[in-house]
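Worksheet: the structure to be examined is printed underneath.
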Amino acid sequence: MNDEFERRLEQLAEVPVPAPPTVAKLSEQDRERSTRRARAGMVAVLLIVAAATAGGLVSRGPGGGSEVATAPPGTEPSSSAPRWVEETTRVADATNTYVGTIDNRDAEARDERILARLTRDFREPVGPNDEDYNRLWAALAILDPVPVVDEAGTIVGYWIGHFVTPAELSSSTAGADATVDELLGG
Amino acid sequence: VPEGGAGEARPSCLEVTFETWFEATWPRIVRVALANVRTWEEAEDIASDTCTKLLKRWEHDRPEDPTGWAIAVASNRARKFGPLLHRTFGGSGAAQISDDRMDLDLIDAIRDLPPRQRRAIALRYLGDLTQGQVAELMGVAPGTAAALLNQGRSKLRTRLGGP
C-alpha cells in the first residue's frame, strides 16, 4: 500500500511557513520587489515611484487626468501612502530620462494575458534561458503594448519590457508577427 | 463532495476582511510557490506580490474566488519568475529552506516534475486544493487534471523509492 507516501503528500499542506507580514507591510514590500527586479534586468529601466527623490512625483489620477504630488527628497511613502504610489510606475527611456508613466493595472493585465496565451498555446518555460519562450514573450508584448502617458495624459510611447516610441513600436510589429507565426503558427 | 484537505480554515470571502483572509490563506500561497523557488525569501516574495495585487482589488474588483485566484496567480508567477528570483537572491545570504518539519526530499522531487504535473501536484497538495479546483485553475478537463496528478504521484513515488 502507499499509505505512507499518500500521508507524506497530504502533509505538504501542513508545512509550517514563515509568519505573514502585516498587511501594512505589503505595499512597502511591493516597492522593494520592484527595485530588486529592476536590478535583475527584469524591468530594465523601469523606475518605481517611491524611488524618486527629486521632489515632484507625477501620476495619473483616478479619472485618467494628471496630478502632481510632491514629496520631500528621500522620503519613503508609508504603507498607507496615497493610491498614486501603487497605481502608476514611472518609465524612463534608454538614456534613463523620465518619459511618463504606465498604469500598473494595465501592465499587470497585459502580463497575465501573455502568460495565459503562452501557457495555453505554447508551453511552460524550460528554465530562465528558454530562448524561444523569451522570444515569444517579447513578441507578444510588442503586439500588446502598454501605453506610456505624459503628465497631460498624452500617449508618448509604449512599454514592452522597455520603453519604445510609437514609431519604434510600428517598426517592430512585423517582426513580432513573424515570431508569433513561427512559434505559434499564427 | 470536495476532497478533504488539511490546512488552514477557509473563511467565506464575502464576509471577511482582507486581513482575515490574508492571515488564513498566506501559508497556502507560500507553499504553492515552493514548487518553483528555492528559498523562503523567494516564496514569500511571490506570495507578497500576489497578495498585494489582491489587496488592491479587494474592495471594488474582488475575484469571485479570491483564494483560488491567489493560488493560481502565485503558481503562475512562481513558475515565471522563480528562476529569475533565485538568480536575484542568489548570494544575498538568503537562507535556504531548511526545517525539520519540512519534507525536503518530496519538495525537491516535485520541483523536478514536468511542468504540468508539477503545477497540478503543487496546486493539489501544497495549495491544498481539490482535484476539481486544480482542473479549473489549470483550465483543463477534470479527467486531464486527474491524469496529471496520477502521473505526478507515480513519478514522485518512483523517485522516492516507494512501491
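Tell me which of these A:ARG90 doesn't satisfy, since it passes every other one: (1) modelled with pLDDT of 85 or more; (2) within 14 Å of the chain's Cα centre (by Cα).
Against the list (1) modelled with pLDDT of 85 or more; (2) within 14 Å of the chain's Cα centre (by Cα), A:ARG90 comes up short only on (1).
For the list (1) open to solvent by 50 Å² or more (accessible area, probe 1.4 Å); (2) part of a strand (DSSP E or B); (3) among the hydrophobic types (A, V, I, L, M, F, W, C), I need the number of the one condition that A:VAL99 fails.
(1)
Please go through the stretch A:113-129 and give me each residue that is open to solvent by 30 Å² or more (accessible area, probe 1.4 Å), in contact with a helix residue (DSSP H, G or I) (Cβ under 8 Å, 6 or more places away or on another chain), assigned to a helix (DSSP H, G or I) and within 11 Å of chain B (Cβ to nearest Cβ), ordered by number.
Answer for the stretch A:113-129, where residues must be open to solvent by 30 Å² or more (accessible area, probe 1.4 Å), in contact with a helix residue (DSSP H, G or I) (Cβ under 8 Å, 6 or more places away or on another chain), assigned to a helix (DSSP H, G or I) and within 11 Å of chain B (Cβ to nearest Cβ): just A:THR119.
What residue, of B:ARG116, B:ARG153, B:ARG157, is touching a Phe, Trp or Tyr at 6+ places or on another chain (Cβ under 7 Å) and facing chain A (nearest Cβ under 10 Å)?
Every option except B:ARG157 fails the conditions.
Could we say that A:VAL126 is β-branched (Val, Ile, Thr) and over 18 Å from A:ALA107 (Cβ atoms) here?
It is true that A:VAL126 is β-branched (Val, Ile, Thr) and over 18 Å from A:ALA107 (Cβ atoms).
Restricting to the stretch A:162-184, give me the number of residues that are within 12 Å of A:ALA139 (Cα to Cα) and either surrounded by 14 or more Cβ atoms within 10 Å (Cβ to Cβ) or more than 21 Å from the chain's Cα centre (by Cα) (or both).
Of the residues in the stretch A:162-184, 13 are within 12 Å of A:ALA139 (Cα to Cα) and either surrounded by 14 or more Cβ atoms within 10 Å (Cβ to Cβ) or more than 21 Å from the chain's Cα centre (by Cα) (or both).
Within the group B:GLN131, B:GLN96, which residue is modelled with pLDDT under 80 and open to solvent by 10 Å² or more (accessible area, probe 1.4 Å)?
Within the list B:GLN131, B:GLN96, the selection yields B:GLN96.
In this structure, is A:ASP132 among the charged types (D, E, K, R), in contact with a helix residue (DSSP H, G or I) (Cβ under 7 Å, 6 or more places away or on another chain) and at pLDDT 90 or above?
no
Considering only the stretch B:36-53, I want to know if a residue exists there that is crowded, with 23+ Cβ neighbours inside 10 Å, aromatic (Phe, Trp, Tyr) and either within 20 Å of B:THR130 (Cβ to Cβ) or at the interface with chain A (Cβ under 10 Å from one of its Cβ atoms) (or both).
No - not one qualifying residue is present in the stretch B:36-53.
The values are calculated or read from the model by the stated rules, or taken from the named source; none is laboratory data. Because the structure is a prediction, the values reported are computed rather than measured. For neighbour counting, all protein chains shown are included, and Cβ atoms are generated from backbone atoms with ideal geometry for every residue, glycine included. For accessibility, only protein heavy atoms count, side chains too; no ligands or nucleic acids. Shrake-Rupley method; radii C 1.70, N 1.55, O 1.52, S 1.80 Å.
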